[in-house]
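Just so you know, all these numbers are worked out from the coordinates, no wet-lab data involved. Because the structure is a prediction, the values reported are computed rather than measured. Cβ coordinates were reconstructed from backbone atoms using ideal geometry, including for glycine residues, and neighbour counts include every protein chain displayed.
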Amino acid sequence: MKKPVKKAIGLKYASQNKADAPKVVAKGHGDLAQEIIELAKASGILVHEDPYLSDILNTLDLGQEIPESLYYVIAELIAYSYVLQGKKPAGWDVFGDNLDTLI
């Protein structure tokens, strides 16, 4: 059985312009994919492994925005990375440290 080739796709979201979608800024297979992953980790960038999502993102070209059908899943990953970094969106201060409390 053939071992799957490692893939990596890097996205960047410049949140200054809300009309822009995240774009593909890095893409590679095999050794290049491993280098992209190592550089991301060393830079404190969230690395998320999802073979189905990477298959879809792999069809995009460098510089291409993600399709609208992926906005929700990518938004969840961006929000998760912000929480891991201790960042909160504007207006979330009213929740204090009780973000895990059901309302």
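Values computed for the structure shown
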{"item": "CD proxy at 222 nm, helix term only [per DSSP H run n ≥ 4: -39500 (n - 2.57); per residue of the chain; nearest 500]", "result": "-9500 deg cm²/dmol"}
{"item": "Crossing angle, helix 31-42 versus the chain [Cα axis fit, 0-90 degrees, rounded to tens]", "result": "20 degrees"}
{"item": "Crossing angle, helix 71-84 versus the chain [Cα axis fit, 0-90 degrees, rounded to tens]", "result": "70 degrees"}
{"item": "Local electrostatic count, residue 35, Cβ distance below 14 Å [Lys/Arg +1, Asp/Glu -1]", "result": "+2"}
{"item": "Dipole magnitude (debye, nearest 20) for the chain, charges at Cβ of Lys, Arg, Asp, Glu", "result": "260 debye"}
{"item": "Distance between segment 62-83 and segment 1-25 - C-alpha centres, whole angstrom", "result": "8 Å"}
{"item": "Given 6/27; 12/41; 6/87; 6/41; 7/41; 3/41, the pairs whose alpha carbons are separated by over 19 Å", "result": "6/87; 3/41"}
{"item": "log10 of Debye I(q)/I(0), alpha-carbon scatterers only, for segment 7-90 at 0.21 Å⁻¹", "result": "-1.09"}
{"item": "Under 15 Å, Cβ to Cβ, from residue 77 - net charge with Lys/Arg +1 and Asp/Glu -1", "result": "0"}
{"item": "Highest-first arrangement of 70-77, 42-49, where packing means the average Cβ count within 10 Å", "result": "70-77, 42-49"}
